[in-house]
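Chemist: First the structure, then my questions, so here it is.
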Amino acid sequence: MAKTSRIVALIVAAGKGERAGGDVPKQYAQVAGKSVLAHAIDGLAHPAVDQVLVVIGAGQEDLYRDAIGGRTLAPPVLGGTTRHESVRNGLAALAGEAPDVVLIHDAARPFLPAEVIERLLTALTEAEGAVPVLPMVDSLALGDAARHAVLGDPVDRSCIVRVQTPQAFNFKAICAAHDAWAEDRKATDDAQVARAAGMTVVTVTGDARLEKLTLSGDLFAAGARGRAADRPLVSRTGLGFDVHAFGPGDAITLGGLRIPHDKGLVGHSDADVALHALTDALLGAVAAGDIGSHFPPSDDRWRGAESRIFVEHARALAIAGGGRIDHVDVTIICERPKIGPYRDAIRASIAAMLQVREGQVSIKATTTERLGFTGRGEGIAAQAVATIRVPEVE
Ligand code: CTP
Ligand code: MG
């Protein structure tokens, strides 16, 4: 990414962490060998970020000093009684040497993958604000927080996203938005403040590792994840293979792409043979079974399903265990249709599904010299290899 502007990260760490409980506010608790705040600071130590500034609560100076250890940072800024106030104080402290871009981050989110920073900064070239979001996967319903007893009406989750931090903004615009925000209004993040001021905030894909530590128990879970992150990564390789027969139709789906053809592919889902082989390769690399054990063909939920769901599931499994996808290589075996014209689009489609760079995805195609079932044009086969780095088993 070409660097053209000054980018500063502001970490808000002035909260009391009341819901998490514990001896010290959660951002100062130890997780996997260092404080939660130190994890957040180290996550923002990205080549694109010029400076990191932390906002702390009154009386938290000693906790802060212990928490940052030997890291050299500008002196912390004093926060306020609300998150909004803390952010505003931080922005005010930066105003003297105003940066072009500010990344505002919760100290309570210790694990920040570099790819999220890169996605945000790329998105910010087109908008005044950018935030990482994740889809809602649980069912949603109205509840009765007081009684925990009676379940209310369902809520459509397809129109809901979970908003994470860091959130990236044009510095001047977010300062003006915070200044315009009524002091007595509640804001749990900065995107709300930005939108209220009329700023356009775009979304990028967030990351499960960015989960905020909020409740008691979250610190324990973060400790386990952090320990996994601290273990050395070892490379694992998985292999996948799949076949689908041709049937009636006027298009096939390959790598998530619809490709016009004089036949279709027969299968329970969308019969995307390339993505099925890829899913098995990903699952194989993390020794997590095969596509059939996760998505049984007997289950009607997967009838006609888009196979990207399978790939995304396998990716999530690999990532949840601390894995990083290094490379995938897919070979599509058929006489027709010709894959060449679609190769780049398939590559981009798979890179997007896996949230990796296109350089980490290889797509190849071959015929079998008119031999065998692919040679006779009875179907398409695909092979895939995935290389994933995973934390070494203790
Ligand atoms: N925060 C802050 N100043 C405040 C309140 C919150 O800087 N007055 C920070 C927190 O330290 C945290 C982030 O904002 O990094 C997100 O807030 P939240 O998760 O609500 O943390 P706390 O307010 O500390 O927790 P609780 O609401 O349970 O007391
Ligand atoms: Mg709070």
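Chemist: I need the full set of residues from segment 250-269 which are crowded, with 16+ Cβ neighbours inside 10 Å and either at pLDDT 95 or above or among the hydrophobic types (A, V, I, L, M, F, W, C) (or both), in order please.
Modeler: Once the filter is applied, which keeps residues that are crowded, with 16+ Cβ neighbours inside 10 Å and either at pLDDT 95 or above or among the hydrophobic types (A, V, I, L, M, F, W, C) (or both), segment 250-269 yields 252, 253, 254, 255, 256, 257, 259, 261, 263, 264, 265.
Chemist: In segment 65-91, which residues are touching a residue at least 40 places away in the same chain (Cβ under 8 Å), among the hydrophobic types (A, V, I, L, M, F, W, C) and under 22 Å from residue 187 (Cα atoms)?
Modeler: Matches in segment 65-91: 78, 87, 91.
Chemist: In segment 1-45, what count of residues is obtained for those that are away from ligand 2 (no atom under 16 Å from the Cβ), more than 21 Å from residue 77 (Cα to Cα) and surrounded by fewer than 23 Cβ atoms within 10 Å (Cβ to Cβ)?
Modeler: Residues flagged as away from ligand 2 (no atom under 16 Å from the Cβ), more than 21 Å from residue 77 (Cα to Cα) and surrounded by fewer than 23 Cβ atoms within 10 Å (Cβ to Cβ) within segment 1-45 amount to 10.
Chemist: When you scan segment 5-29, how many residues do you find that are touching a residue at least 12 places away in the same chain (Cβ under 8 Å) and more than 8 Å from ligand 1 (Cβ to nearest atom)?
Modeler: Number of matching residues: 11.
Chemist: Of everything in segment 60-73 that's open to solvent by 40 Å² or more (accessible area, probe 1.4 Å) and among the small types (Gly, Ala, Ser), which residue is nearest to ligand 1 (Cβ to nearest atom)?
Modeler: Narrowing segment 60-73 to residues open to solvent by 40 Å² or more (accessible area, probe 1.4 Å): 61-63, 65-66, 69-73.
Still in the list and also among the small types (Gly, Ala, Ser): 69-70.
Working: 69: 18, 70: 22 Å.
This residue is 69.
Chemist: If you go through segment 236-249 one residue at a time, do you hit one that is under 26 Å from residue 39 (Cβ atoms), more than 16 Å from ligand 1 (Cβ to nearest atom), surrounded by 13 or more Cβ atoms within 10 Å (Cβ to Cβ) and in contact (Cβ under 8 Å) with a residue 60 or more places away in the chain?
Modeler: Taking segment 236-249 first, the residues under 26 Å from residue 39 (Cβ atoms) are 236.
Next, only the ones that are more than 16 Å from ligand 1 (Cβ to nearest atom) stay: 236.
Subset that is surrounded by 13 or more Cβ atoms within 10 Å (Cβ to Cβ): 236.
Narrowing the set further to residues that are in contact (Cβ under 8 Å) with a residue 60 or more places away in the chain leaves 236.
Checked segment 236-249: at least one residue is under 26 Å from residue 39 (Cβ atoms), more than 16 Å from ligand 1 (Cβ to nearest atom), surrounded by 13 or more Cβ atoms within 10 Å (Cβ to Cβ) and in contact (Cβ under 8 Å) with a residue 60 or more places away in the chain.
Chemist: Only one of 188, 165 is part of a loop (DSSP other than H, G, I, E, B), within 16 Å of ligand 2 (Cβ to nearest atom) and within 18 Å of residue 123 (Cβ to Cβ); which?
Modeler: Values: 188 fails: within 18 Å of residue 123 (Cβ to Cβ).
Just a single option satisfies the conditions, and that option is 165.
Chemist: With the structure loaded, tell me whether residue 387 is under 30 Å from residue 224 (Cα atoms), in contact with a strand residue (DSSP E or B) (Cβ under 8 Å, 6 or more places away or on another chain), among the hydroxyl-bearing types (Ser, Thr, Tyr) and modelled with pLDDT of 95 or more or whether it fails that test.
Modeler: Working: under 30 Å from residue 224 (Cα atoms): yes; in contact with a strand residue (DSSP E or B) (Cβ under 8 Å, 6 or more places away or on another chain): yes; among the hydroxyl-bearing types (Ser, Thr, Tyr): yes; modelled with pLDDT of 95 or more: yes.
So residue 387 fits the description; yes.
Chemist: Do the conditions hold for residue 100, that is, is it more than 30 Å from residue 182 (Cβ to Cβ) and open to solvent by 50 Å² or more (accessible area, probe 1.4 Å)? Reasoning before the result, please.
Modeler: Values: more than 30 Å from residue 182 (Cβ to Cβ): no; open to solvent by 50 Å² or more (accessible area, probe 1.4 Å): yes.
For residue 100, the condition - more than 30 Å from residue 182 (Cβ to Cβ) and open to solvent by 50 Å² or more (accessible area, probe 1.4 Å) - is not met.
Chemist: Mind checking whether some residue in segment 191-211 is touching a Lys or Arg at 6+ places or on another chain (Cβ under 8 Å), of a type in the set (Val, Ile, Thr) and within 16 Å of ligand 2 (Cβ to nearest atom)?
Modeler: No, segment 191-211 contains no residue that is touching a Lys or Arg at 6+ places or on another chain (Cβ under 8 Å), of a type in the set (Val, Ile, Thr) and within 16 Å of ligand 2 (Cβ to nearest atom).
Chemist: While we're on this one: Scanning for something more than 17 Å from residue 261 (Cβ to Cβ), free of Cβ contacts under 8 Å to residues at least 40 places away in the same chain and buried (at least 20 other Cβ atoms within 10 Å of the Cβ), does segment 363-384 turn up at least one residue?
Modeler: For segment 363-384, residues more than 17 Å from residue 261 (Cβ to Cβ), free of Cβ contacts under 8 Å to residues at least 40 places away in the same chain and buried (at least 20 other Cβ atoms within 10 Å of the Cβ): absent.
Chemist: A further question on this structure: Whether any residue in segment 56-71 is of a type outside the set (A, V, I, L, M, F, W, C) and within 16 Å of ligand 2 (Cβ to nearest atom) is what I want to check.
Modeler: So far as segment 56-71 goes, yes, one or more of its residues are of a type outside the set (A, V, I, L, M, F, W, C) and within 16 Å of ligand 2 (Cβ to nearest atom).
Chemist: I'd like the full set of residues that are without any contact (Cβ under 8 Å) to a residue 24 or more places away in the chain and open to solvent by less than 50 Å² (accessible area, probe 1.4 Å), limited to segment 196-219.
Modeler: The first filter runs over segment 196-219 and keeps only residues without any contact (Cβ under 8 Å) to a residue 24 or more places away in the chain, leaving 196, 198, 217.
Of everything in segment 196-219, just one residue is without any contact (Cβ under 8 Å) to a residue 24 or more places away in the chain and open to solvent by less than 50 Å² (accessible area, probe 1.4 Å), namely 217.
Chemist: OK, next. Given the options 228, 271, name the one that is among the small types (Gly, Ala, Ser) and either under 30 Å from residue 21 (Cα atoms) or in contact with a helix residue (DSSP H, G or I) (Cβ under 7 Å, 6 or more places away or on another chain) (or both). Break it down stepwise before answering.
Modeler: On the way: 271 fails: either under 30 Å from residue 21 (Cα atoms) or in contact with a helix residue (DSSP H, G or I) (Cβ under 7 Å, 6 or more places away or on another chain) (or both).
Being among the small types (Gly, Ala, Ser) and either under 30 Å from residue 21 (Cα atoms) or in contact with a helix residue (DSSP H, G or I) (Cβ under 7 Å, 6 or more places away or on another chain) (or both) holds for just one of 228, 271, which is 228.
The values are calculated or read from the model by the stated rules, or taken from the named source; none is laboratory data. Being a predicted model, the structure only gives us computed values, none of them experimental. Here the Cβ is made from the backbone with ideal geometry for all residues, glycine too, and neighbour counts use every protein chain on show. Keep in mind that these areas ignore ligands, DNA and RNA; they rest on the heavy atoms of the full protein, side chains included. Shrake-Rupley method; radii C 1.70, N 1.55, O 1.52, S 1.80 Å.
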